[in-house]
Amino acid sequence: MGEKNFGYIYIYKCVVGSGSDICKIGITKNFHDRLKQHVRTPYYGFMPYVEFTTGNPIFTAFKVRDYDLADNLIEELLNTKKIGNYEIYNIDYEEAIKIIYKTLVKKDRLIELIKEDYTDYDYLEESEFKAEKEMIDTRISVFKDIVKQLLLKYNDELPEEVLVMLRDKEDYIDNCNSHYIRGNYVEFTNNLILDLNYNKATRLEILNKLKKFI
């Protein structure tokens, strides 16, 4: 019965402002239809981020056994983060994914993790893989560390090869506002930023380019 009685826990970060940690977390039997519905008619006004080219929502989903218990599981794990009686939670997107993922694995409920292209899921791996995973870690925090090292080494005289990778912050906000609001960038000095609203493969390419100058 457990394998047949499956469903999905889904999570997406809500469009509510720069640097916010507001997520919609729900359960459903058909997450594709549910998420399309949330794009057409945002859940109590909470809109998911969407792909710029396709308009599809950006989300993570967990295919789980025992669908009927999924709602209770979320309530148990994230009750202190819940906002009112809504399926809206004041929690960092990656933190919520990690909490749900590890609990589902521990309870043998997880059937499949359904990923999106803009989040690095390596942080879900066990500690024994940490050294290996750090070689391909492309989270924002890794880029921030690289920026600190670059600025310490070059001050305001960054190499031309690095400068061509950067954008003016005001121009970025005007022309890529959804990227800015989602927080997929890191700031340099002189009002310059590095856009990181890419999939993991492209982020890794950018990271390797920057590492050459450290």
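Structure values in brief
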quantity: Cβ-placed point charges (K, R +1; D, E -1), dipole of the range 52-189 about Cα centre in debye, nearest 20; calculated: 440 debye
quantity: Total formal charge among the other residues, if their Cβ is under 14 angstrom from that of residue 150, Lys/Arg +1 and Asp/Glu -1; calculated: 0
quantity: When the convex hull of its Cα atoms is projected in every direction, mean area for the chain (nm²); calculated: 13.4 nm²
quantity: Per residue accessible area of the range 77-214, 1.4 Å probe, in Å²; calculated: 58 Å²
quantity: 24 Å Cα-Cα reach of residue 211 towards lysines, excluding residues that sit fewer than 8 places from it in its own chain; calculated: 130, 133, 144, 148, 153, 169, 200
quantity: Summed residue charge, Cβ within 13 Å of residue 34's Cβ, Lys/Arg positive, Asp/Glu negative; calculated: +2
quantity: On Cα atoms only, tilt of 31-40 relative to the major axis of the chain in degrees; calculated: 60 degrees
quantity: Normalised per residue, the volume of the convex hull around the Cα set of the range 154-214 (Å³); calculated: 81 Å³
quantity: Degrees, to the nearest 10: 140-154 long Cα axis against longest axis of the chain; calculated: 10 degrees
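The values are calculated or read from the model by the stated rules, or taken from the named source; none is laboratory data. In this text the structure is predicted, and so the values were computed from the model without any measurement. Using ideal geometry, Cβ is built from the backbone for each residue, glycine included, and neighbour counts are taken over all protein chains shown. Just so you know, the surface numbers come from the protein's heavy atoms only, side chains and all, with ligands and any DNA or RNA stripped out. Shrake-Rupley method; radii C 1.70, N 1.55, O 1.52, S 1.80 Å.
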